[in-house]
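The values are calculated or read from the model by the stated rules, or taken from the named source; none is laboratory data. These numbers come from a predicted model, not from an experiment. In this analysis, Cβ positions are derived from the backbone assuming ideal geometry, glycine residues included, and neighbour counts consider all displayed protein chains.
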């Protein structure tokens, strides 16, 4: 019998056992109270004076019992001890019998204890507002999830009605990991970040060697009143050469994953029914609606560094193998972040407790979270392997990882699928906003 179940059975018996032990004590006290004015002021061994004749000993008055109260107690003790022991054993047997029957009826399934981590709401939908911009004169739809600059995070959050998270580390990203986006500060009114025409982008996922969701940006300011809309980098540079606009480079990096681009879009998952066991692969997008200007991602549940719940979406990755498995955009330039502080560590599991993680085991643990100074949406992936997977407990914090690594019970290695640097764009979000 499982030790946990025996312990639970004993806990069920204890209240009844206690009731049996206290019954005679209550009878005795009630009898003492019935003595009226003859009773002494303190109940105890020295209380049995002349009024002993009025105390009940079993089924008669103690004064009628051979040897009085003392005789009754001497004879009662071994009988009561045997009776109590017999009652406890019987109750324990009955409890164990009930528990065994419940197990046989699969009311308790021991095989599931400690073998599968069933997180509630492990996968939930997250609807995010779309923005429309331009690439070479054609429309592009994208989202904005993170900003290295608090002012831009606040402005975009207010304009789109959805939180843009502050990620200061993005400012450290090398140029080779960035694309360029032009943002307009005046001119034709529109749905752009600053309330004017849509942004102009310099690459799309159709150019995987140069595309990046991380965008440095340039402010475009018209030097005169205009009704013109510029829809390509070539048009903007020509306007600058003609002194029609002024270009200002900013030390600001935004995370702007593209959802729809000319002749392409992110993969949409075929089975849109989400459960806590929904497979990780096959696409991260549930719906793209360019009429309502929204995209719905799957938000995955995991743990922050201190064990608090976090949710994240997946938009792109390098190399192409993991990107294809997850159904996201491959981005070659992200590999330049592997040793850069713009990327942060995220720990996933390759064995141990089965669960909702990307490889089918427990959910991952991040080294930072929203609101932390070291938060970034760009994640450097490490894999945790248990030396004895069958005895793996649940890990929830960075301290847990460090403890078991120092104890020699787990290995922690940087992931190198396809023998390549592995970076994943996983913005942390609040899917319930």
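Summed over segment 163-189, the residues that are part of a loop (DSSP other than H, G, I, E, B) and farther than 23 Å from residue 290 by Cα give a count of 7. The strands (runs of 3 or more DSSP E) falling completely within segment 192-288 that include 1 or more residues that are out of contact with any helix residue (DSSP H, G or I) (no Cβ under 8 Å at 6 or more places or on another chain), more than 30 Å from residue 322 (Cβ to Cβ) and not assigned by TED's automatic domain parsing to the domain that holds residue 360 map to 214-222, 245-255.
If you go through segment 236-258 and keep only what is buried (at least 18 other Cβ atoms within 10 Å of the Cβ) and under 15 Å from residue 202 (Cα atoms), you end up with 236, 253, 254, 255, 256, 257, 258. Going by what's in this entry, would residue 418 be described as modelled with pLDDT of 95 or more, more than 17 Å from the chain's Cα centre (by Cα) and under 23 Å from residue 257 (Cβ atoms)? No, not satisfied. Select from segment 137-162 the residues that are crowded, with 16+ Cβ neighbours inside 10 Å and in a loop (DSSP other than H, G, I, E, B) and list them in ascending order. Hits for segment 137-162 are 143, 144, 145, 148, 149, 162. The residues listed here are 335, 343; of these, the one that is surrounded by 23 or more Cβ atoms within 10 Å (Cβ to Cβ) and touching a strand residue (DSSP E or B) at 6+ places or on another chain (Cβ under 8 Å) is 343. Among the residues of segment 289-328, those identified as crowded, with 22+ Cβ neighbours inside 10 Å and in a loop (DSSP other than H, G, I, E, B) are 313, 314, 315, 328.
Filtering 230, 201 for residues that are surrounded by 22 or more Cβ atoms within 10 Å (Cβ to Cβ) and under 38 Å from the mean Cα position of the chain (by Cα) leaves a single hit, 201.
Condition check ((1) under 21 Å from the mean Cα position of the chain (by Cα); (2) surrounded by 14 or more Cβ atoms within 10 Å (Cβ to Cβ); (3) modelled with pLDDT of 95 or more; (4) under 24 Å from residue 116 (Cβ atoms)) across all residues:
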| site | (1), (2), (3), (4) |
| --- | --- |
| 363 | yes, yes, yes, yes |
| 377 | yes, yes, yes, no |
| 380 | yes, yes, yes, no |
| 384 | yes, yes, yes, yes |
| 387 | no, no, yes, yes |
| 396 | yes, yes, yes, yes |
| 400 | yes, yes, yes, yes |
| 403 | yes, no, yes, yes |
| 413 | no, no, yes, no |
